[in-house]
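Nothing in this text is a laboratory measurement; each read-out follows from the coordinates by a stated rule. The model shown is predicted, which means the values in this text are computed figures rather than measured ones. For neighbour counting, all protein chains shown are included, and Cβ atoms are generated from backbone atoms with ideal geometry for every residue, glycine included.
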Amino acid sequence: MPLEALRYDVTPVGLHYLLIHFDIPAVDAETYELHVGGHVHRPLRLTMHDIESRPKTTFAVTLECAGNGRARLSPRPMSQPWLNEAVGNAEWTGTPLGPLLEEAGLKPGAVDVVFTGLDRGVQGGFDQFYERSLSVANASRDGVMLAYAVNGGPLPPQHGFPLRLIVPGWYGMTSVKWLRSITVTDAPFQGYQQATAYHFREVTGGPGVPVERMRPRALMVPPGFPDFMSRTRFVDPGEHLIEGRAWSGLASIERVDFSADGGVTWQPAELDGTASPFGWRRWTYRWGATAGEHELCARATDAAGNTQPIDEDWNAEGVQNNAVQRVHVVAGAPPGSQAAADSL
């Protein structure tokens, strides 16, 4: 998502970030069926008509890739080289998952709910369909839905047509696209994407800690206009309204602070309300730019006291890097402009 798109409360579908592990599968909605089975009393086979006929809900959800910020790590782990743009906040429409699991009837001893996509590939030496799981408690909580529409229209192929999972608060790898089946298990799921991938490992090959909920992050719309290669920004001296968005999957956003000197000093920004408990919050700060070079930073804190770190937290997969955003800004005439020539 271009960071300019932080201006939108709801991210246009074409600007929302995407990460597709394998291929976009070809799915015929007319013949599509979702299988719900495993450790349940009443296995279900649901067509899209069945799913769309169930009670529906719509709300905005901020989704962020677990690898957002990976390209800022050194040495950089080998995977998608995201800077800060792997995020979006769309309005998803679908049916809550909890009631569907109740209808299937979980048997005693149910542990995990496994979500299998139709996208198949080889990763880590394993031929696999993309699969992730949630505990029964997490799968049944409010907000988790089977989504078939986004921003008021049908899911496009790249976003999981005809049906996908949406898990608010968790990094995007959890929201499995192109759902093929939902399987309840009586033992912890040990598939590759769950037990091997998406772990925070300080040492390559170590067991690590599973990646789950989004850490707090604030991003700003870079002010002014950019240099093509360096992305240094140029603004006129004077007051500028800096705006951005902040979110956390651990608790609601409580504060955003702004710095114009690379994080040496901080000032509180203004926070807007949010129309969705699962969506990001807009923040603004009126910055008085003096002539010269500046490094702008934004830092979010949530209601549980989690605050963005100043520096990157290196790990082998490059996940959960929520270090503060830094934007290099020059206040004054850019090189090659008439104003710069006149000042010589």
Study note, to complete from the structure: Under the helix-only model (-39500 (n - 2.57) for each DSSP H run of 4 or more, divided by the residues of the chain), the mean residue ellipticity at 222 nm, to 500 deg cm²/dmol, is -1500 deg cm²/dmol
Practice item. Starting from the Cα of Tyr192, step 7 Å along the direction of its Cβ; do the same at Arg7; then give the gap between the two resulting points in nm. Key: 4.2 nm
Revision key, fill the gap. Kirkwood radius from Cα pairs of the chain plugged into Stokes-Einstein at 4 °C, 1.567 mPa s, gives D in µm²/s equal to 60 µm²/s
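Kindly give Rg over Rh for the range 107-154, based on alpha-carbon atoms, with the Kirkwood expression for the hydrodynamic radius. Numbers along the way, then the final one.
On the way: Rg = 14.4 Å, Rh = 13.3 Å.
My calculation of the ratio gives 1.08.
How would you rank Met220, Met1, Met78, going from fewest to most other Cβ atoms within 10 Å of each one's own Cβ?
Numbers: Met220 24, Met1 21, Met78 10.
Placing the least packed residue first, the sequence is Met78, Met1, Met220.
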Point to revise | Distance between the range 1-43 and the range 45-59 - C-alpha centres, whole angstrom | key: 15 Å
Practice item. Could you tally the net charge around Ala218, taking each other residue with its Cβ under 10 Å from the Cβ of Ala218, Lys/Arg +1 and Asp/Glu -1? Key: +4
Exercise for review: Please report how far the C-alpha centroid of the range 221-290 lies from that of the range 168-219, rounded to the nearest whole angstrom.
Suggested key: 29 Å
